Amino acid sequence: MLEGCLAFQVVGEASDGLDAVRKSEELRPDLVLLDIDLPGLNGIEAARRICAVAPDSVILFVSGNQCPTIVHEALGIGNGTRGYVVKSDVAIDLLPALEAVTKNRQFVSGRISPLL
């Protein structure tokens, strides 16, 4: 989806949470798309570490996990964590979420926002 969008350039991909932290520290991306359920190091802990090593990066969670407690925890990590998109709603929510978080606004998929 992002490859066809001229406003964004994919600069890296990670295979697990530790790899996401390493690449975020190395590449210092403007935006990190991060899943909660990552092997090795879960997305919440990866986000904490990314906020420490790449404090200017914005994190948008894209996850199948819809548990309100997890969403609250993810969005409460720090200033860099600004959005949460449910994977089943990516086709509808991803581009609006990207626009919101890159403009320093929070975004939460409509499917889970009433639960928060």
Exercise. When only residues in segment 39-50 that are surrounded by 18 or more Cβ atoms within 10 Å (Cβ to Cβ) and small (G, A, S) count, which is nearest to V62 (Cα to Cα)?
Worked result: G43
Problem set entry | Within segment 1-52, tally of residues that are over 18 Å from T81 (Cβ atoms), among the charged types (D, E, K, R) and at pLDDT below 95 | 2
Exercise. Among the residues of segment 40-63, is any more than 18 Å from E13 (Cα to Cα), in contact with a helix residue (DSSP H, G or I) (Cβ under 9 Å, 6 or more places away or on another chain) and among the polar types (S, T, N, Q)?
Worked result: no
For this session: Search segment 8-38 for residues being in contact (Cβ under 8 Å) with a residue 60 or more places away in the chain and either buried (at least 18 other Cβ atoms within 10 Å of the Cβ) or among the hydrophobic types (A, V, I, L, M, F, W, C) (or both), and hand back the single one that is farthest from S57 (Cα to Cα).
Result: F8
Exercise. Identify, please: which residue in segment 49-95 is part of a helix (DSSP H, G or I), of a type outside the set (A, V, I, L, M) and in contact with a strand residue (DSSP E or B) (Cβ under 9 Å, 6 or more places away or on another chain) and is, among those, nearest to V21 (Cα to Cα)?
Worked result: C51
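The values are calculated or read from the model by the stated rules, or taken from the named source; none is laboratory data. It should be emphasised that the depicted structure is a prediction, and the values quoted were computed from it without experimental measurement. A quick note on method: Cβ atoms are made from the backbone with ideal geometry, for glycine too, and the neighbour counts reach across all protein chains shown.
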